[in-house]
Amino acid sequence: MDVKNAHPSSFRDPSGYVYIENGDIKRRINPIYFKQYQALTDSGFYNILFENGLLIKHEEVESTTDQIIIKAEKIPFITYPYEWSFNMYKEAALLTLKLQKYSLEKGFSLKDASAFNITFHKGKALFIDTLSFDFYKENSPWRAYKQFITHFFGPLVLAHYHGAQQLKLLSNFIDGIPVKMLSSMLPFKTKLSPILYSNIHLLAKLEDQHNEDYKGETKKATLSKKGQLNIIKSLYDYIKDLELKEHSEWGNYYTKTNYTDAAFIKKSDIINGWVKNLKPSRLIDVGGNDGTFVRKLDSALETALVCDIDNNAVDFNHKTQKLNKEQTMLPFVLDVLNPSAAIGLNNVERDSFINRIKDFAPQVTLALAVIHHMSLSGNVPFSESAKFFSSFSEHLIIEFPKRNDSWVQRLLNNKADFKDHFEFYTIGNFEKAYSVYFEVVEKIIIENSERVLYLFKVS
């Protein structure tokens with residue numbers, strides 16, 4: 001298999017691979033997949049998925065006896081499963097099950113059920129692996145069933161019982177969380193649940209038994225199409241009703257902020273004015289909570305990334321986005337003190353946040369109510385946060401809460417005996433450190449607050 005031009009995330013599938021040519025996203029289809037591709041195309045299967053926004057759109061640009069080349073719609077920013085909030089993860093899981101159900105009804109089946117086959121685009125989950133569909137063989141079980149359990153069902157159930165942090169496990173288990181590990185991490189009472197027992201605990205038990213009994217030959221399992229559809233329905237219904245049991249501190253941040261109503265409106269107006277003058281098409285709000293300030297912008301943005309460390313805030317943003325049918329905003333979970341790393345073979349299969357945001361190249365970065373958390377909660381010197389922000393964006397709109405701000409005081413008091421170590425946290429030291437990387441375009445003190453807004457430009 002010739003994969004010398006393959007994108008680092010696309011070399012495992014013998015059916016074909018993705019590559020980039022002159023900025024276009026293209027996919028080479030190998031002869032081994034020609035029959036499936038033609039059947040999926042001629043039957044209208046692909047077109048139905050395109051029309052319903054379930055599968056990334058493509059157009060055929062070349063066809064020979066050796067290869068077929070398709071050009072895919074370009075997605076501005078790819079997010080990975082460990083960057084999704086709980087309800088985003090649920091949406092991705094349900095999309096996978098919908099696709100498998102539809103595939104079965106049309107004589108096909110998903111051969112892959114990796115969570116990395118999905119990303120979020122134009123306000124919804126989107127399947128991006130065009131070559132994941134294969135012919136359905138009568139009485140064959142779902143080939144990707146176990147992968148679905150280890151990539152979707154298991155992580156969601158873990159998050160339900162132990163919190164949204166469990167969703168980040170896929171960054172350590174790129175091929176799915178092992179079923180034995182899933183089984184061991186769930187409460188004993190889950191063995192009394194028929195769906196959890198059959199899809200996780202029994203699966204782990206059968207895997208152990210298979211390993212013990214393996215003698216170089218395997219028995220082919222059989223399952224009717226009706227039986228497979230019943231399993232899909234039971235998984236779908238269970239996942240649809242799953243909820244988190246945890247609450248967070250920052251999920252309702254803007255209902256607890258120490259701004260007066262007038263100061264809050266003033267802050268929003270200043271930010272809106274600055275962004276309007278800069279006319280960006282791409283923007284990121286780092287620590288953007290529920291997307292409040294991005295929604296207040298009166299600018300024609302093509303893509304606005306809004307990331308936050310708090311799952312519940314991102315979930316609320318995602319739900320609001322769905323309700324308003326917003327297509328330009330992309331919420332995701334990100335710890336600015338520990339951004340997603342590059343993982344996989346050669347550490348290049350899944351790109352780091354830093355590389356992706358540099359490629360995205362936002363013209364404006366918003367960093368509101370975040371510097372005091374980086375500096376005081378994360379012990380990050382001003383020089384390091386300045387270096388971070390200057391590495392991917394030309395303009396930075398940043399809010400500095402002064403030492404008398406109630407949130408700053410709260411964070412300082414949490415330091416107890418080490419409080420004196422944070423004497424560096426002053427507006428003078430902040431300006432001095434940031435002047436190494438930025439020049440001040442404008443500085444405005446927010447009246448009736450202890451906060452100052454800066455518009456910086458990379459120097």
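The values are calculated or read from the model by the stated rules, or taken from the named source; none is laboratory data. Quick caveat, the model's predicted, so the values are computed rather than measured. Neighbour counts run over all protein chains shown; Cβ positions are idealised from the backbone, glycine included.
So if I check each of Ser406, Ser352, Ser391, which one is surrounded by fewer than 14 Cβ atoms within 10 Å (Cβ to Cβ) and under 30 Å from Ala6 (Cβ atoms)? Quick ask: steps written out before the conclusion?
Values: Ser406 fails: under 30 Å from Ala6 (Cβ atoms); Ser352 fails: surrounded by fewer than 14 Cβ atoms within 10 Å (Cβ to Cβ).
The conditions single out Ser391.
Within region 422-454, which residues are within 13 Å of Pro381 (Cα to Cα), buried (at least 17 other Cβ atoms within 10 Å of the Cβ) and either of a type in the set (Ser, Thr, Tyr) or in contact with a Leu (Cβ under 6 Å, 6 or more places away or on another chain) (or both)?
Tyr425, Tyr434 - these are the residues of region 422-454 that are within 13 Å of Pro381 (Cα to Cα), buried (at least 17 other Cβ atoms within 10 Å of the Cβ) and either of a type in the set (Ser, Thr, Tyr) or in contact with a Leu (Cβ under 6 Å, 6 or more places away or on another chain) (or both).
Which residues, taken from region 310-352, are within 23 Å of Pro8 (Cβ to Cβ) and among the acidic types (Asp, Glu)?
Passing the criteria: Glu349, Asp351.
For region 246-267: of the residues being outside any loop (DSSP other than H, G, I, E, B) and not hydroxyl-bearing (Ser, Thr, Tyr), which is modelled with the lowest pLDDT? Outline the logic, then answer.
Step one: list which residues in region 246-267 are outside any loop (DSSP other than H, G, I, E, B), which gives 253-256, 261-267.
Then drop every residue that is not not hydroxyl-bearing (Ser, Thr, Tyr), which leaves 256, 261-267.
On the way: Lys256: 45, Asp261: 82, Ala262: 83, Ala263: 83, Phe264: 86, Ile265: 88, Lys266: 90, Lys267: 92.
So the residue we want is Lys256.
Which condition does Val440 not pass, out of (1) of a type outside the set (D, E, K, R); (2) free of Cβ contacts under 8 Å to residues at least 24 places away in the same chain; (3) in a helix (DSSP H, G or I), if it passes all the others?
Val440 satisfies every listed condition except (3).
Can you tell me which condition Asn172 does not meet? The list is (1) modelled with pLDDT of 95 or more; (2) surrounded by 14 or more Cβ atoms within 10 Å (Cβ to Cβ), and all the others hold.
For Asn172, the exception is condition (2).
Report the residue count in region 331-356 for those that are in contact with a Pro (Cβ under 8 Å, 6 or more places away or on another chain) and within 17 Å of Asp308 (Cβ to Cβ).
Of the residues in that region, 1 qualify.
If you take the residues in region 378-419 that are assigned to a helix (DSSP H, G or I), of a type in the set (D, E, K, R) and more than 18 Å from Arg451 (Cα to Cα), which one is modelled with the lowest pLDDT?
Going through region 378-419, the residues assigned to a helix (DSSP H, G or I) turn out to be 382-390, 406-413, 416-419.
Filter once more, keeping what is of a type in the set (D, E, K, R): 384, 387, 410, 417, 419.
Those left that are additionally more than 18 Å from Arg451 (Cα to Cα): 384, 387, 417, 419.
Working: Glu384: 97, Lys387: 97, Asp417: 72, Lys419: 77.
Among those residues, the one meeting the criterion is Asp417.
Please pick out the residue among Asp335, Asp351, Asp315 that is of a type in the set (D, E, K, R) and closer than 23 Å to Tyr434 by Cα. Walk me through it before giving the result.
On the way: Asp351 fails: closer than 23 Å to Tyr434 by Cα; Asp315 fails: closer than 23 Å to Tyr434 by Cα.
Checking each option against the conditions leaves just Asp335.
Which one is nearest to the chain's Cα centre (by Cα) among residues in region 269-312 that are closer than 20 Å to Phe392 by Cα, of a type in the set (D, E, K, R) and buried (at least 23 other Cβ atoms within 10 Å of the Cβ)?
Asp308
Tell me whether region 223-245 contains one or more residues that are within 30 Å of Val441 (Cβ to Cβ), modelled with pLDDT under 95 and either in the same structural domain as Asp351 (by TED's automatic domain parsing) or surrounded by 15 or more Cβ atoms within 10 Å (Cβ to Cβ) (or both).
no
Pairs under 6 Å by beta carbon, first residue at pLDDT 95 or above in region 12-38, partner among the charged types (D, E, K, R) and crowded, with 18+ Cβ neighbours inside 10 Å, six or more apart or different chains?
Gln36/Asp134
Which residue pairs have Cβ atoms closer than 7 Å, lie 6 or more positions apart in sequence or on different chains, and pair a first residue in region 64-82 that is of a type in the set (Ser, Thr, Tyr) with a second residue that is part of a loop (DSSP other than H, G, I, E, B) and surrounded by 15 or more Cβ atoms within 10 Å (Cβ to Cβ)?
Tyr80/Ser340; Tyr82/Ser340
Might you let me know whether region 144-151 holds any residue that is closer than 30 Å to Gln38 by Cβ and touching a strand residue (DSSP E or B) at 6+ places or on another chain (Cβ under 8 Å)?
Looking only at region 144-151, we keep the residues that are closer than 30 Å to Gln38 by Cβ, and these are 144-148, 151.
Next cut, touching a strand residue (DSSP E or B) at 6+ places or on another chain (Cβ under 8 Å) only: 144.
Yes, the conditions are met somewhere in region 144-151.
For Ala144, state whether it is more than 22 Å from Asp315 (Cβ to Cβ) and of a type in the set (A, V, I, L, M).
Working: more than 22 Å from Asp315 (Cβ to Cβ): yes; of a type in the set (A, V, I, L, M): yes.
Yes: the conditions hold for Ala144.
This table checks each residue for (1) in a strand (DSSP E or B); (2) modelled with pLDDT of 95 or more; (3) touching a His at 6+ places or on another chain (Cβ under 6 Å); (4) not assigned by TED's automatic domain parsing to the domain that holds Phe430.
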site: Phe332; (1), (2), (3), (4): yes, yes, no, no
site: Asp335; (1), (2), (3), (4): no, yes, no, no
site: Ala341; (1), (2), (3), (4): no, yes, no, no
site: Arg356; (1), (2), (3), (4): no, yes, no, no
site: Thr365; (1), (2), (3), (4): yes, yes, no, no
site: Ala369; (1), (2), (3), (4): no, no, no, no
site: Leu376; (1), (2), (3), (4): no, no, no, no
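Just to be sure before I move on: is Asn346 modelled with pLDDT of 95 or more, part of a helix (DSSP H, G or I) and not charged (D, E, K, R) in the structure I sent?
Values: modelled with pLDDT of 95 or more: no; part of a helix (DSSP H, G or I): yes; not charged (D, E, K, R): yes.
No; evaluated as a whole, the condition is false for this residue.
Which residue out of Glu423, Glu447 is of a type in the set (Asp, Glu) and either in contact with an Asp or Glu (Cβ under 8 Å, 6 or more places away or on another chain) or assigned to a helix (DSSP H, G or I) (or both)?
On the way: Glu447 fails: either in contact with an Asp or Glu (Cβ under 8 Å, 6 or more places away or on another chain) or assigned to a helix (DSSP H, G or I) (or both).
Of Glu423, Glu447, the one residue that is of a type in the set (Asp, Glu) and either in contact with an Asp or Glu (Cβ under 8 Å, 6 or more places away or on another chain) or assigned to a helix (DSSP H, G or I) (or both) is Glu423.
For region 12-43, give me each residue that is touching a helix residue (DSSP H, G or I) at 6+ places or on another chain (Cβ under 8 Å), surrounded by 16 or more Cβ atoms within 10 Å (Cβ to Cβ) and assigned to a loop (DSSP other than H, G, I, E, B).
Asp13, Ser15
So Ala386 passes all but one of these: (1) over 30 Å from Ile174 (Cα atoms); (2) in contact (Cβ under 8 Å) with a residue 60 or more places away in the chain. Which condition number does it fail?
Checking Ala386 against (1) over 30 Å from Ile174 (Cα atoms); (2) in contact (Cβ under 8 Å) with a residue 60 or more places away in the chain, the one that fails is (2).
Just the residues that are of a type in the set (D, E, K, R) and closer than 23 Å to Leu170 by Cα, please, taken from region 320-351. Walk me through how you get there before you give the answer.
Kept after step one, since they are of a type in the set (D, E, K, R), are these residues of region 320-351: 322, 325-326, 335, 349-351.
Hits for region 320-351 are Asp335, Glu349, Arg350, Asp351.
Could you please give the count of residues in region 325-342 that are in contact with a helix residue (DSSP H, G or I) (Cβ under 6 Å, 6 or more places away or on another chain) and among the β-branched types (Val, Ile, Thr)?
Qualifying residue count for the region: 1.
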